[in-house]
């Protein structure tokens, strides 16, 4: 009888201990976007973060563990955002999400400010993120997300085409230096030579849709679109007119096709050497070219050249320098998260130098923090292009910025197709601007 | 009395119930909902506020006007003015012609012109997009290239024409069928009498057949008027409304505003105006044709 | 002599107008089976390489799917829609044909009104409606929405079929003590089999051909054949032969269904029939 009692007590105690020994698992959900397969490390880094965090928790003897369920989506930016908003409206938002629409998200109360967190852990963690990047994460004086994926836009061109035209490598380097210290007209002239000589089908191919590359070209013409002091959008009539006129001229000269071909054509023809220059790509695109279009390492090293967008001669005279932009995503914590502070911790661990290096190595995109560079000394391409991340300009954060770009891009398509004149394009844009952006500033 | 009514309701419920519910939910409610959304600024974030008449003000040009709207209105008018006559007159012409020729040939041609309607919209759109593609890989440009002619960028230079043709012939498919069967039911004696009196075939067509088709002609005109006002799927598939809003008709602008630019409120205001125009037109049609006549006809057909 | 010229003129006119279309149809057909094209329309050789989607996945942009998944989705969508339309219209058609009740005429007239307001104009509201009842982005939900568009005219069709059945049938059945529902189920339905077939094809066909509802209301990764074809046209370097072959596959099932149910359809009361 006694034995049975003791047995029961021991069993209950044992069970109790067992139950107590099971750590409490907090599950966080995250939506991470590629788009496409290249971005997978952004998702696995969150899982890595959970792992590291758990190691620390285990060492401290705490009885809590973190689990991150990442849903990696290869959807494009638009559908991904739509999915997020739908899930949020249904009360089903994740804890962490990677998106770009900072102003919209912050204004609508979808995300939690990260200001406090970044300040607390600045000296420990955030200090060596390149300072220019924070501009792309700040809205109305507060930091809302953590940068983790940078890929500055720029001009890619084919050196082998130039060599076929008779230029030596030294001349190429002088005409198109890697720091962008030249003019856009030089690029255009070379493209025209290539087209006239029949070496390529397309001289210059730009994006088939709005995007940071499009904004980059506008900046090269000196067409500022955003006033950081007032926080308002700007429309520079003269610069835009020059922009549209130049594109029309290029179409007339057969350097740019009258309607932009689809992405597959842009990438495919460039890799095959049938396009002289593509303005639709960024520093990290070679990884996609290697994965999907068969670009070899030798070709990347010898035949392709890159530079940030050089200004036009007119813009240069006004002091515009070579410029590179990127519309990078941020790790956000949503307001529907039940563990926002823990989510911030996970994000911090997902942006360690280790995580940064993993992502850079896979995507060939430059690291966003200096210390990661030390871990990447064996990747020649990254070492060569790392500087671009220090000078990249984030796109303006304004709720109507992309509608503005959308309209401007539609107008560009109209001008290239010959439907409207550059003057009409600018007039239409001004009319739209006046109707939709009441506190926008128009510069004649 | 009450019991009777309840009994009647119980009787009707399983039969009329499901249909009524579904129609109420997917037709009536959306009509009202579209109007409601039109008064908000619902956007991609799915957060909304009532903004009163602001959307409509932008459409009508009160205050700052949306610069695309005048162009869209013009496009819609041009499109309907082009496609409607094409459908009615073309359908009539083809119906008459196909009945004048040998029976087998007539059937063959009617089949050729009926195919647009038998084919899924995506395929019809794809067919036109391929036929008029601006490169030598397009059908007609491929033939031109083979004949030594240069390539024509049809879709960029003549987008409205192509869209009118594509939709017009779609309308002809139905119109031709309706007119053919109507012509077939004209009593033979009438046409024979006219021929005996020395009328040529064309005169018979003009003075005997067409007047007898007054009813189907009016029906087809009204039907297709509303159809073309509301249609945008084919245009979306062939030109996407472009280039640069050259073929953006009203209905397409509403769709794009909502689902491409994520301005649901604004798109709803565009669509609700269309719904209102539809209802007004319908009332006019019903008035003009006499609703009773249409119902009575139904009974007789038993 | 004049008649001869008249006739020739007729043939000539018809031929001229039909020529571009015939070119398009024939070209389309040839393109699907053609390997390398000459003149853009005549194949140099024939083969089935354009049908490779039958055994390879289809890729567009960054995504991919198989034709079988799309086919399955489209079948599910169209069959659901067809069944919903059939059930509802057969029920309502009977009541409208046989039962007298207040508002019957109003209801019939309403159907005509509704048919005139096309569903594609109401898409925005339908989007939000489906979202609030949690049926958005799901095939059954969208199929239901699509079905409701065809119900107005389907009801008229069904009514027409029921109208064609003499009253005595009903009278004798009711005398035997059947409830109205039983009369409908046991006696009428077997008699209007062609009507059932017709209404089902009506609902099925419109759903099969649907593009805009699927495109707007289903998420990107759930593809029907129609949205799949559109994706390929929109995002890829267009391989016209491939697309033509895929389109042929897309058009096949309704044809098969039609042939299958053909006999039953010979007695459809045609819209725009005699004396309209």
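The values are calculated or read from the model by the stated rules, or taken from the named source; none is laboratory data. Just so it is clear, the structure is predicted and the values come from calculations on it, not from any experiment. Ideal geometry is used to build each Cβ from the backbone, glycine not excepted, and the neighbour counts take in all protein chains shown.
Some notes on this structure:
- The range C:244-276, residues that are more than 30 Å from residue C:231 (Cβ to Cβ), within 18 Å of the chain's Cα centre (by Cα) and either within 11 Å of another protein chain (Cβ to nearest Cβ) or at pLDDT below 50 (or both): C:268, C:269, C:270, C:271
- Count - residues of the range A:257-273 that are more than 13 Å from chain C (Cβ to nearest Cβ) and either over 17 Å from residue A:418 (Cβ atoms) or at pLDDT 95 or above (or both): 3
- Hits in the range A:104-123 (condition: out of contact with any helix residue (DSSP H, G or I) (no Cβ under 9 Å at 6 or more places or on another chain) and within 14 Å of residue A:351 (Cα to Cα)): A:122
- Residue match in the range A:75-89 (condition: outside any loop (DSSP other than H, G, I, E, B), modelled with pLDDT of 95 or more and either in contact with a helix residue (DSSP H, G or I) (Cβ under 8 Å, 6 or more places away or on another chain) or away from chain B (no Cβ under 14 Å) (or both)): no
- Among the residues making up the range B:46-62, those that are out of contact with any strand residue (DSSP E or B) (no Cβ under 7 Å at 6 or more places or on another chain) and either on the phi < 0 side of the Ramachandran plot or within 8 Å of chain A (Cβ to nearest Cβ) (or both) are B:46, B:47, B:53, B:54, B:55, B:56, B:57, B:58, B:59, B:60, B:62.
- Helices (runs of 4 or more DSSP H) contained in the range C:154-218 and holding at least 3 residues farther than 24 Å from residue C:141 by Cβ: C:167-175, C:193-209
- The residues of the range A:328-367 that are under 15 Å from the mean Cα position of the chain (by Cα) and part of a loop (DSSP other than H, G, I, E, B), listed by number, are A:328, A:329, A:364, A:365, A:366, A:367.
- Failed criterion for residue B:171 (all others in (1) within 13 Å of chain C (Cβ to nearest Cβ); (2) within 30 Å of residue B:284 (Cα to Cα); (3) under 16 Å from the mean Cα position of the chain (by Cα) hold): (1)
- Residue count, the range B:263-302 (criterion: at pLDDT 90 or above and outside any helix (DSSP H, G or I)): 1
- Residue count for the range C:219-238, restricted to those that are at the interface with another protein chain (Cβ under 10 Å from one of its Cβ atoms) and either in a helix (DSSP H, G or I) or free of Cβ contacts under 8 Å to residues at least 12 places away in the same chain (or both): 12.
- Exclusive hit being buried (at least 16 other Cβ atoms within 10 Å of the Cβ), within 14 Å of chain C (Cβ to nearest Cβ), touching a helix residue (DSSP H, G or I) at 6+ places or on another chain (Cβ under 6 Å) and under 20 Å from residue B:275 (Cβ atoms), set B:18, B:30: B:30
- Number of the condition not met by residue A:245 [criteria: (1) in contact (Cβ under 8 Å) with a residue 24 or more places away in the chain; (2) closer than 30 Å to residue A:387 by Cβ]: (2)
- In the range B:229-250, the residues that are part of a helix (DSSP H, G or I) and within 11 Å of another protein chain (Cβ to nearest Cβ): B:229, B:230, B:233, B:234, B:236, B:237, B:238, B:250
- Flag if residue B:253 is out of contact with any strand residue (DSSP E or B) (no Cβ under 6 Å at 6 or more places or on another chain), outside any loop (DSSP other than H, G, I, E, B) and within 14 Å of chain A (Cβ to nearest Cβ): yes
- Restricted to the range A:138-253, the set of helices (runs of 4 or more DSSP H) holding at least 3 residues that are more than 30 Å from residue A:433 (Cα to Cα) and under 28 Å from the mean Cα position of the chain (by Cα) comprises A:184-196.
- Test for residue A:101: is it buried (at least 20 other Cβ atoms within 10 Å of the Cβ), more than 8 Å from every other protein chain (Cβ to nearest Cβ) and farther than 21 Å from residue A:346 by Cβ: yes
- Residue C:29 being at pLDDT 75 or above, away from chain B (no Cβ under 12 Å) and out of contact with any strand residue (DSSP E or B) (no Cβ under 9 Å at 6 or more places or on another chain): no
- Considering the range C:90-107, the residues that are part of a helix (DSSP H, G or I) and at the interface with chain B (Cβ under 7 Å from one of its Cβ atoms) include one that is surrounded by the fewest Cβ atoms within 10 Å (Cβ to Cβ), namely C:105.
- Scope the range B:120-159; condition more than 9 Å from every other protein chain (Cβ to nearest Cβ) and not in a helix (DSSP H, G or I); matching residues: B:132, B:135, B:148, B:149, B:150, B:151, B:152, B:158
Yes/no per residue for (1) over 30 Å from residue C:128 (Cα atoms); (2) away from chain B (no Cβ under 12 Å):
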residue: C:140; (1), (2): no, yes
residue: C:167; (1), (2): yes, no
residue: C:178; (1), (2): yes, yes
residue: C:185; (1), (2): yes, no
residue: C:188; (1), (2): yes, no
residue: C:191; (1), (2): yes, yes
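- On inspection, residue B:87 does not qualify as within 14 Å of chain C (Cβ to nearest Cβ), assigned to a helix (DSSP H, G or I), within 17 Å of residue B:255 (Cα to Cα) and modelled with pLDDT of 90 or more.
- Filtered residue count, the range B:90-108, keeping only those that are part of a helix (DSSP H, G or I) and either without any contact (Cβ under 8 Å) to a residue 24 or more places away in the chain or over 25 Å from the mean Cα position of the chain (by Cα) (or both): 10
- The test for being in contact (Cβ under 8 Å) with a residue 12 or more places away in the chain and within 30 Å of residue B:43 (Cβ to Cβ) does not hold for residue C:135.
- Complete set of residues in the range B:177-210 that are assigned to a helix (DSSP H, G or I), within 11 Å of chain C (Cβ to nearest Cβ) and at pLDDT 80 or above: B:177, B:178, B:179, B:180, B:181, B:182, B:184
- Top-ranked residue in the range A:47-81 [being under 24 Å from the mean Cα position of the chain (by Cα) and free of Cβ contacts under 8 Å to residues at least 40 places away in the same chain; ranked as farthest from residue A:93 (Cα to Cα)]: A:47
- Pick from the range B:103-119, criterion more than 7 Å from chain C (Cβ to nearest Cβ) and within 22 Å of residue C:242 (Cα to Cα), ranking: surrounded by the fewest Cβ atoms within 10 Å (Cβ to Cβ): B:118
- From the list A:254, A:302, the lone residue that is surrounded by fewer than 18 Cβ atoms within 10 Å (Cβ to Cβ), closer than 28 Å to residue A:389 by Cα and modelled with pLDDT under 95 is A:302.
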